[in-house]
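Take a look at the structure below.
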Amino acid sequence: MAAFGTAAGRPLQGRGGSPGFRFTVYSVLSVVIMYLDQRAHYLERVRYVLQASAYPIQLAVNSPPSAWRWLKESFETREALRAENARLHQQQRDLELLAMRYDALAHENGELRGLREALPPVAERWLAAEIINIQQSSLRQRLLIDRGATNGVFKGQAVLDDRGLIGQTTHVGPWSAEVILITDPEHAVPVRVERTGLRTIAVGGGDVSSLALPYLPANADVKSGDLLVTSGLGGVFPEGYPVARVSEVHRDAIQPLAQVRAAALSHIDSETEVMLVWFREGHPAAPASGASNAAEVRSGNPAMQPLTVPPRPAASRVETAPPHAAPAPAPATTPRAAPPAPRSTAPTAPVPTTAPTTTPAQTPADSTVPGSDAAPPKAPDDAPTEPPPTVPPRSRPLP
Amino acid sequence: MTATQVRLRMALTALFALVFTVLPLPVWLDVLRPAFLVLTVLYWSINAPRAGGIGLGFACGLVLDVFQGPVLGEHALALAIIAYIAGREHQRVRSKPAFQQSLLVFLGLLIYECVLFAIDGWTGHPVTSPLRWLHCLTGALVWPPVAAVLSYSEGRLT
């Protein structure tokens, strides 16, 4: 800040540097910063340092609410604690009952898919993080959590709570990270209607807990109460995690698209902790980011040309669809069966507008108009152009 | 009163304003929250126009960008612009009674929000809720007390 000190030590009435000159310098500087941050992403390191220096202020600002919470907890009555204890006991018993059948089901599922053994769970590692600050306006819905790069957090990491998806990390500092919620108007998450397998995109609705599904045609098979799970496309979220429940479907005769809104399952207001999840690489339900490289090469993006590994066969992408907990839409005999209906509107364009760098899969899809029939589902589109794999992909042992 | 003293005071008040800006609030109150940091920058640009209000605006803007900006440099530019305008027009603003000052501050906040709105649009952050303009109104309403508190701090610290 050279110009900041131009008048240092002089009396206030003296002549400092010309305000016009300083204004020009600072404006040019901000425009350059904006350009570097937006276009070239050169400022990741700067942001990292700035986020680190902002962390003490954020902690200090959060201290009154957290002190109040602590005070409330420490003065909680014995009855309340006993009630909570009983509730947790009951919950644990219910979960154990559910988990009892899980192993058997996972094994059976593996056998049905022709695998030797059951798949390991897609989540490899998780870490609880405390919410430090919440920004919940209609414009921005972000969280600040107390885990950062020193804990291995990376940009574009999925954040969950016990009910469903919360969002993904956008800026990571050394001890803190900013999380964009799925309800932020700038966020979009590729989802699948669990009942029908219909794939679409859920965009943040701009109020506290709702999402919009703007790319569904008026005749799409979706109704109120449908569960939306992540579809595994887009390269950030793995397949099969619950996101939201459809709350209202409005069909207008003159509108080509249905107006669908969904309520997010996670409850940020009542939570103080979220979970950061690391997913197993190469798992069929893991985020399908590797497969997107093939599409990039075929569409001739020069930035993606020098690949160190050959593009993986499209089969690996098709196989991402049947999850461990999904109602396998494809018949078991034809592993390459197309998704159930061609009316699934725009699965090719999951556009998380916030994190273009983390999801290279989106760049070729951006050119297609979402919702147009000219954009067929990704998997069947790629399938004919790929060399057919010699082995049915399902029978390969997993890494 | 040297420029260094004024700068110290600027930095301290800006820090307090920052705390009030990022303090977590319920959603309905958050929409109404005035941009305290912007008001602070305006106050110092008007009342100490030679002490580097533009630099203060730029620095505060960068901090705001780290806390809540989609693009680094967005708030910095907006705050530098209104600090420049306020510094140029400081004599006209200072001589006005509180009510008219509030109107002028409202104008300044509108310019600030316009710049943010434009940059948001250009950088592809399509945020078009009309509620974002609401803080200009509340900011103008709280201007007289904020200015009084800031001038009190000025008197105290001397």
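Return the residues of region B:113-155 that are aromatic (F, W, Y) and either surrounded by 20 or more Cβ atoms within 10 Å (Cβ to Cβ) or more than 13 Å from every other protein chain (Cβ to nearest Cβ) (or both); say none if nothing qualifies.
B:W143, B:Y152
Does any residue in region A:207-227 that is buried (at least 19 other Cβ atoms within 10 Å of the Cβ) come within less than 7 Å, Cβ to Cβ, of a residue that is in a strand (DSSP E or B) and among the polar types (S, T, N, Q) six or more places away or on a different chain, and which pairs are these?
Between residues of region A:207-227 that are buried (at least 19 other Cβ atoms within 10 Å of the Cβ) and residues that are in a strand (DSSP E or B) and among the polar types (S, T, N, Q), the close pairs are A:L213/A:T200; A:Y215/A:T200; A:L216/A:T200.
Restricting attention to region A:257-271, report how many residues are within 14 Å of the chain's Cα centre (by Cα) and not in a loop (DSSP other than H, G, I, E, B).
Final tally of qualifying residues: 1.
Which condition number in (1) part of a loop (DSSP other than H, G, I, E, B); (2) touching a residue at least 24 places away in the same chain (Cβ under 8 Å) is the one that A:V274 fails?
The single condition A:V274 does not satisfy is (1).
Can you tell me which residue in region B:68-80 is farthest from A:A52 (Cα to Cα), limited to those that are touching a residue at least 12 places away in the same chain (Cβ under 8 Å) and at the interface with another protein chain (Cβ under 7 Å from one of its Cβ atoms)?
The extreme case among them is B:A80.
So which of B:A83, B:A76 ends up being modelled with pLDDT of 90 or more, farther than 24 Å from B:P144 by Cβ and touching a helix residue (DSSP H, G or I) at 6+ places or on another chain (Cβ under 6 Å)?
Only one candidate passes the filter, namely B:A76.
Within the bounds of region A:179-201, is there any residue that is in contact with a strand residue (DSSP E or B) (Cβ under 7 Å, 6 or more places away or on another chain), more than 30 Å from B:F117 (Cα to Cα), crowded, with 20+ Cβ neighbours inside 10 Å and among the small types (G, A, S)?
No, region A:179-201 contains no residue that is in contact with a strand residue (DSSP E or B) (Cβ under 7 Å, 6 or more places away or on another chain), more than 30 Å from B:F117 (Cα to Cα), crowded, with 20+ Cβ neighbours inside 10 Å and among the small types (G, A, S).
Would you confirm, using the coordinates I've provided, whether A:E84 is charged (D, E, K, R) and over 26 Å from A:L276 (Cα atoms)?
Criteria not met by A:E84.
From the set of residues in region B:1-39 that are of a type in the set (S, T, Y) and in contact (Cβ under 8 Å) with a residue 12 or more places away in the chain, which is farthest from the other protein chains (Cβ to nearest Cβ)?
Across region B:1-39, the extreme among qualifying residues is B:T13.
When A:F154 is evaluated against the numbered criteria (1) over 23 Å from A:R251 (Cβ atoms); (2) part of a loop (DSSP other than H, G, I, E, B); (3) in contact (Cβ under 8 Å) with a residue 60 or more places away in the chain, which criterion, by number, is the only one it fails?
All conditions are met except number (3).
Results for (1) part of a helix (DSSP H, G or I); (2) at pLDDT 85 or above, shown as yes or no for each residue.
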{"position": "A:P65", "(1), (2)": "yes, no"}
{"position": "A:R82", "(1), (2)": "yes, yes"}
{"position": "A:N85", "(1), (2)": "yes, yes"}
{"position": "A:A129", "(1), (2)": "no, yes"}
{"position": "A:Q135", "(1), (2)": "no, no"}
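When you check A:G240 against the structure, is it at pLDDT below 90 and assigned to a loop (DSSP other than H, G, I, E, B), yes or no?
no
Go through region B:117-136 residue by residue and tally those that are more than 15 Å from B:L37 (Cα to Cα) and assigned to a helix (DSSP H, G or I).
11
Just to verify a result, which residue in region B:48-67, among those that are touching a Pro at 6+ places or on another chain (Cβ under 9 Å) and at the interface with chain A (Cβ under 7 Å from one of its Cβ atoms), is nearest to B:F16 (Cα to Cα)?
Filtering region B:48-67 for residues that are touching a Pro at 6+ places or on another chain (Cβ under 9 Å) and at the interface with chain A (Cβ under 7 Å from one of its Cβ atoms), the one nearest to B:F16 (Cα to Cα) comes out as B:I54.
Those residues that are β-branched (V, I, T), over 20 Å from A:G148 (Cα atoms) and not in a loop (DSSP other than H, G, I, E, B), I need them from region A:165-197; list them, please.
A:V189, A:V191, A:V193
Have a look at B:L42, B:L104, B:L110 and point out the one that is modelled with pLDDT of 90 or more, more than 8 Å from chain A (Cβ to nearest Cβ) and over 25 Å from B:P24 (Cα atoms).
Of the residues listed, the single one that is modelled with pLDDT of 90 or more, more than 8 Å from chain A (Cβ to nearest Cβ) and over 25 Å from B:P24 (Cα atoms) is B:L104.
Return yes or no: is A:Q141 in contact with a strand residue (DSSP E or B) (Cβ under 8 Å, 6 or more places away or on another chain), buried (at least 24 other Cβ atoms within 10 Å of the Cβ), modelled with pLDDT under 85 and not basic (K, R)?
yes
Which members of region B:81-101 meet the condition of being of a type outside the set (K, R) and within 14 Å of chain A (Cβ to nearest Cβ)?
Residues satisfying the conditions are B:I81, B:I82, B:A83, B:Y84, B:I85, B:A86, B:G87, B:E89, B:H90, B:Q91.
Could you tell me whether any residue of region A:95-116 is more than 29 Å from the chain's Cα centre (by Cα), among the acidic types (D, E) and surrounded by fewer than 15 Cβ atoms within 10 Å (Cβ to Cβ)?
yes
Considering every residue within region A:33-55, establish whether at least one is more than 14 Å from chain B (Cβ to nearest Cβ), touching a helix residue (DSSP H, G or I) at 6+ places or on another chain (Cβ under 9 Å) and not in a helix (DSSP H, G or I).
The answer is no, given that none of the residues of region A:33-55 is more than 14 Å from chain B (Cβ to nearest Cβ), touching a helix residue (DSSP H, G or I) at 6+ places or on another chain (Cβ under 9 Å) and not in a helix (DSSP H, G or I).
The values are calculated or read from the model by the stated rules, or taken from the named source; none is laboratory data. Fair warning: this is a prediction, and the values are worked out from it, not measured in the lab. Cβ coordinates were reconstructed from backbone atoms using ideal geometry, including for glycine residues, and neighbour counts include every protein chain displayed.
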